[in-house]
Amino acid sequence: QVQLVESGGGLVQAGGSLRLSCAVSGRTFGSYGIGWFRQAPGKEREFVALISRRDSTYYADSVKGRFTISRDNAKNTVLLQMNSLKPGDTAVYSCAATYASSTTVAAAYDFWGQGTQVTVSS
């Protein structure tokens, strides 16, 4: 069983930055691709970013150039650095783990965290 715990959400003004952290339990951290997804009120969950088992990274077009995903295998943690935040980035952000290494499809992720709220004010 794998458990994921997100932290780092909060309220920030437009143009500001936040760094989200996803702590992953288990000794096989390096075996998973880790993705970040977000869901705003009244909207469907959408892919944000992922980092594969081999540290390849992929981003949604809406965040490319503003968000950076990275992993620290020694700490079993994946970070999502979010810069130049916009009100449209407001959502609950969740991290998830997949055996599929790199996929943007939420249904392919096997384990999910509870999520952390990010609110960007204008």
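What follows draws every value from the coordinates through simple rules; no lab data is involved. Given the structure is predicted, the values throughout are model-derived calculations rather than measurements. Backbone-built Cβ (ideal geometry, glycine too); neighbour counts: all protein chains shown.
Calculated FRET efficiency, residue 81 and residue 110, Cβ-Cβ r, R0 41 Å, to nearest 0.05? Walk me through the intermediate numbers first.
Numbers: r = 25 Å, r/R0 = 0.61.
Computed FRET efficiency for residue 81 and residue 110 comes out at 0.95.
What is the gain in length, in nm to one decimal, between residue 54 and residue 70 on full extension, counting 0.36 nm per residue of separation less the C-alpha to C-alpha distance?
4.6 nm
Ordered by residue, what ³J(HN,Hα) values in Hz, to whole numbers, does the stretch 13-21 give under the Karplus form 6.51 cos²θ - 1.76 cosθ + 1.60, where θ = phi - 60° and Gly and Pro are x?
For the stretch 13-21, the Karplus-derived couplings read 7, 4, x, x, 10, 9, 10, 8, 10 Hz, x marking Gly and Pro.
Tell me, what is the percent relative contact order of the stretch 22-73, built from C-alpha pairs under 8 Å that lie six or more residues apart?
28 percent.
Setting aside same-chain residues fewer than 8 positions from residue 43, which lysines have a Cα under 18 Å from its Cα?
86
Using the per-residue mean of other Cβ atoms lying within 10 Å as a proxy for protection, in what order, highest first, do the peptides 31-39, 61-69, 78-86 fall?
So the peptides 31-39, 61-69, 78-86, ranked by packing, come out 31-39, 78-86, 61-69.
If the chain between residue 102 and residue 17 were fully stretched, how many nm would it gain, using 0.36 nm times the residue separation less the Cα-Cα distance?
Here the answer is 28.0 nm.
Say each of residue 122 and residue 2 gets a label point 7 Å from the Cα, pointing the same way as Cα to Cβ; how far apart are those two points in nm?
3.8
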